[in-house]
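Student: To start, I am sharing the structure in question, which I have written as structure tokens.
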Amino acid sequence: MATQEIGLPIKFETGTFNNTIIKDGKLQLAEIKKDDKSNIAYAPFGSWESQLILIQDKITSFKRIAKNIEVKGDATYKIYTKSSEDGTTWTEYIEIDNADGSIHSPAAKYAKVKVEIIPPLVGATFTVDEFTVTAKYSNEFVNSDNGVLELKKNYRYKYVKDESWKDEGVVLRKKIPNSKMKKIDSLQVEV
């Protein structure tokens with residue numbers, strides 16, 4: 001007796017996408033952004049779930065998933081199936097046999113397929129801001145004037161000349177609330 005393969009097309013264009021997209025007719029992880037070296041950074045995990053697939057009179061024939069996989073880099077993938085007799089109550093997802101594509105979900109009238117994509121974690125550098133705009137982040141607590149974002153350490157205040165001072169020299173006064181600083185390392189007067 002000859003065996004006949006019955007194909008049930010699974011369309012990636014429809015279904016539920018979680019950090020995945022269709023690009024050039026292929027399912028892939030969603031592109032998040034480019035790093036400082038213009039390498040594409042992908043989502044750290046993604047999955048796609050098919051819509052309900054009507055198996056109907058092909059129940060006994062639905063035993064295997066034929067897959068055409070093109071893996072780039074060190075990413076891994078897993079394919080799962082689940083089944084239902086009524087389209088509302090479903091079994092849990094069960095991973096297919098990766099070697100031959102055989103399905104371990106119970107035979108039923110309806111099925112769903114899920115594909116998970118797991119990329120390797122690689123280092124990437126992302127520059128959020130180069131702090132090249134003077135005073136962009138400057139306020140009473142932080143400073144970005146020197147090309148780096150830092151807590152403000154140096155404060156400049158305008159002092160008021162004490163006109164009541166009659167001796168030699170000049171006395172300048174300024175009240176500095178101690179709630180702004182933990183300690184004062186030094187005071188400097190510029191004329």
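Student: Can we say residue 102 is surrounded by 14 or more Cβ atoms within 10 Å (Cβ to Cβ) and touching a Lys or Arg at 6+ places or on another chain (Cβ under 9 Å)?
Tutor: Criteria not met by residue 102.
Student: Any residue that is closer than 18 Å to residue 139 by Cα, open to solvent by 100 Å² or more (accessible area, probe 1.4 Å) and part of a loop (DSSP other than H, G, I, E, B) - is there at least one of those in region 164-171?
Tutor: Taking every residue of region 164-171 in turn, none turns out to be closer than 18 Å to residue 139 by Cα, open to solvent by 100 Å² or more (accessible area, probe 1.4 Å) and part of a loop (DSSP other than H, G, I, E, B).
Student: So, one more: If a residue must be surrounded by 10 or more Cβ atoms within 10 Å (Cβ to Cβ) and without any contact (Cβ under 8 Å) to a residue 60 or more places away in the chain, how many such residues does region 124-144 contain?
Tutor: 10
Student: Is it fair to say residue 184 is under 35 Å from the mean Cα position of the chain (by Cα) and β-branched (Val, Ile, Thr)?
Tutor: So residue 184 fails the test.
Student: Within the group 121, 172, 149, 187, which residue is touching a residue at least 60 places away in the same chain (Cβ under 8 Å) and of a type in the set (A, V, I, L, M, F, W, C)?
Tutor: Of 121, 172, 149, 187, the one residue that is touching a residue at least 60 places away in the same chain (Cβ under 8 Å) and of a type in the set (A, V, I, L, M, F, W, C) is 121.
Here is a yes/no grid of residues against (1) touching a helix residue (DSSP H, G or I) at 6+ places or on another chain (Cβ under 9 Å); (2) small (Gly, Ala, Ser); (3) under 22 Å from residue 46 (Cα atoms):
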position: 84; (1), (2), (3): no, yes, no
position: 89; (1), (2), (3): no, no, no
position: 109; (1), (2), (3): yes, no, no
position: 116; (1), (2), (3): no, no, yes
position: 122; (1), (2), (3): no, no, yes
position: 132; (1), (2), (3): no, no, no
position: 152; (1), (2), (3): no, no, no
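The values are calculated or read from the model by the stated rules, or taken from the named source; none is laboratory data. Fair warning: this is a prediction, and the values are worked out from it, not measured in the lab. Note that each Cβ is placed from the backbone with ideal geometry, even for glycine, and that neighbours are counted across all protein chains shown. Heavy atoms of the whole protein, side chains included, go into the accessibility calculation; ligands, DNA and RNA do not. Shrake-Rupley method; radii C 1.70, N 1.55, O 1.52, S 1.80 Å.
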